[in-house]
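Notes follow once the structure below has been shown.
The values are calculated or read from the model by the stated rules, or taken from the named source; none is laboratory data. Quick caveat: nothing in here was measured; it's all calculated off a predicted structure. Using ideal geometry, Cβ is built from the backbone for each residue, glycine included, and neighbour counts are taken over all protein chains shown. Accessible surface is based on the protein model in full, side chains and every heavy atom, while ligands, DNA and RNA are left aside. Shrake-Rupley method; radii C 1.70, N 1.55, O 1.52, S 1.80 Å.
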Number of protein chains: 2
Amino acid sequence: MAETRWLDDEEQHAWRSYLRMNKLLEAALARELQADSQLSLPDFEVLVHLTDVPDARLRVSALARSLQWEKSRLSHQIARMARRGLVTREECPDDGRGAFVVVTPDGRRAIEEAAPPHVETVRQLFFDVLTDDDVKALTVLSERVLDRLDTHTP
Amino acid sequence: MAETRWLDDEEQHAWRSYLRMNKLLEAALARELQADSQLSLPDFEVLVHLTDVPDARLRVSALARSLQWEKSRLSHQIARMARRGLVTREECPDDGRGAFVVVTPDGRRAIEEAAPPHVETVRQLFFDVLTDDDVKALTVLSERVLDRLDTHTP
């Protein structure tokens, strides 16, 4: 194997700061979302993805793809949310392409109530400390990494 | 409550790109780490934190703080890693301040073998597509968000 291209001090520092920001930011967002709205971050993510599409309904398989979750994790999550009346699962015995998940009126109410305080937290913890240039730089950088991930084969 | 400061299109785009990058990058790093070394990302994180300190031993409580994990999550993780011989748990009945976690020789070998391919993946998926300015911008931005998180009270 070729010689290891270790990170230099600056890269090491950047990488650790980035990982630490991700972790602490996600923890803070989850904590405040739960306090403001009784939704977990995964509940919120599922509801955002569902209410983003026409009729607020998606095949389980399409939702798993769009969330980038394992099917089994999503099934458990949907079962929990269905018990709380936030979504329903509609089986499609006809076409063999699997069940739909649909937002209920309660689910829609939950996300509509959760979104304003959540976006305020995102502003306070993130956008309020970034300049316009930071936002642009972060977008460009994220898309470059996403392009790389898209074409990368180990 | 004051009017919601919704994200504008550019911010929305930045936020979604950033979240998506985090998620897909972490998934790819976890997949390749597991394929190269049979360590999960949490195994790797625990070993990095332990081998970063003198004697490669930490109190469970200090390790939990430094990883920013719940104590119960860390206990399960340590139990699993102890069964695989990567760490040992040393009880301290004397001082009442709780057990230590210590890296075993096998744990040290595991992280030493895992690190080179892992850092190569981090390079290929992340640093290889960033300029020096991107790296600087990301560091500054991460630290500003971390400072905000540090002083923020909901």
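Brief remarks on what is shown
- Residues of segment A:15-37 that are touching a residue at least 40 places away in the same chain (Cβ under 8 Å) and open to solvent by 70 Å² or more (accessible area, probe 1.4 Å): A:D36 alone.
- Pairs where the first residue, in segment A:55-66, is charged (D, E, K, R) and the second is open to solvent by less than 30 Å² (accessible area, probe 1.4 Å), C-beta under 6 Å, 6+ apart: A:R57/A:V102
- Yes/no for B:D133 being over 21 Å from A:E3 (Cβ atoms) and either within 9 Å of chain A (Cβ to nearest Cβ) or open to solvent by 80 Å² or more (accessible area, probe 1.4 Å) (or both): yes
- Scan of segment B:1-14 for residues that are more than 7 Å from every other protein chain (Cβ to nearest Cβ), of a type outside the set (A, V, I, L, M) and open to solvent by less than 100 Å² (accessible area, probe 1.4 Å), ordered by number: B:D8, B:Q12
- Within segment A:76-95, the residues that satisfy the criterion of being in contact with a helix residue (DSSP H, G or I) (Cβ under 9 Å, 6 or more places away or on another chain), open to solvent by 50 Å² or more (accessible area, probe 1.4 Å) and within 30 Å of B:R31 (Cβ to Cβ) are A:R80, A:R89.
- Sole residue being farther than 25 Å from A:D134 by Cβ and touching a Phe, Trp or Tyr at 6+ places or on another chain (Cβ under 8 Å), chosen from B:V87, B:V119, B:V135, B:V103: B:V119
- Which numbered condition A:G98 fails, given (1) open to solvent by less than 30 Å² (accessible area, probe 1.4 Å); (2) at pLDDT below 95; (3) away from chain B (no Cβ under 14 Å); (4) in contact with a helix residue (DSSP H, G or I) (Cβ under 7 Å, 6 or more places away or on another chain): (1)
- Test: residue in segment B:102-109 that is hydroxyl-bearing (S, T, Y), modelled with pLDDT of 95 or more and open to solvent by 30 Å² or more (accessible area, probe 1.4 Å): no
- Test set (1) within 13 Å of chain A (Cβ to nearest Cβ); (2) of a type outside the set (S, T, N, Q); (3) not in a helix (DSSP H, G or I) - B:L39 fails condition number: (1)
- Scan of segment B:1-55 for residues that are more than 13 Å from the chain's Cα centre (by Cα) and among the β-branched types (V, I, T), ordered by number: B:T4, B:T51, B:V53
- Within segment A:41-63, the set of residues being surrounded by fewer than 19 Cβ atoms within 10 Å (Cβ to Cβ), over 22 Å from A:H118 (Cα atoms) and at pLDDT 90 or above comprises A:R57, A:R59, A:V60, A:S61, A:A62.
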